[in-house]
Amino acid sequence: MSTRVGVAVMAVLLVLYLVLIGQRAVMFVLTGEPAAVGIGVALIILPIVGAWGLWRELKFGIDAERLARELERTGGLPDEQLPLKPSGAVERDAADAVFPRYKADVEAQPDSWQAWYRLGLAYKGAGDGRRARHAVRTAIRLHAAH
């Protein structure tokens, strides 16, 4: 629950920031001076890009959490109890040891969103966040297609 509160606080702060930047952008454009208008146009683009990025990340989190709940409900989440570091992160060697099983599962079932989601968890445990997000995004896309 604390993660949700943190995400909500950060989202509200980002929206506030984007609104303030948007107001400043309009003020720059209304001056009519060429340099100020150019700055204003640039500042108008930034809130649009920021709002798009915020929406994309929030949607990813919501979709990933929904898939995790569905996997948990059906008993499809990994059942290994991997050792943790004092920080709470999974020990890399232990994650690397179970990783081939999840990779083989995806290779055997490339259209299974469950296999892709579990692979995403394995990548996360192995410390590869970029590939973890890609695998979970693939799981979300496959789930939506079914």
Determine which member of the set A115, A132 is under 22 Å from T3 (Cα atoms) and of a type in the set (A, V, I, L, M, F, W, C). A132
What single numbered condition from (1) free of Cβ contacts under 8 Å to residues at least 24 places away in the same chain; (2) farther than 26 Å from D128 by Cα fails to hold for T3? (2)
Is the range 37-57 home to any residue that is charged (D, E, K, R) and in the same structural domain as V12 (by TED's automatic domain parsing)? yes
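On the given criteria, is V106 among the aliphatic types (A, V, I, L, M) and in contact (Cβ under 8 Å) with a residue 40 or more places away in the chain? Even if it seems obvious, please write down each step before you answer.
On the way: among the aliphatic types (A, V, I, L, M): yes; in contact (Cβ under 8 Å) with a residue 40 or more places away in the chain: no.
For V106, the condition - among the aliphatic types (A, V, I, L, M) and in contact (Cβ under 8 Å) with a residue 40 or more places away in the chain - is not met.
When you scan the range 86-94, do you find a residue that is under 21 Å from the mean Cα position of the chain (by Cα) and among the charged types (D, E, K, R), even just one?
no
The values are calculated or read from the model by the stated rules, or taken from the named source; none is laboratory data. Since the model is a prediction, treat every value here as computed from it, not as a measurement. FYI the Cβ positions are ideal-geometry reconstructions off the backbone, even for glycines, and counts take in every protein chain you see.
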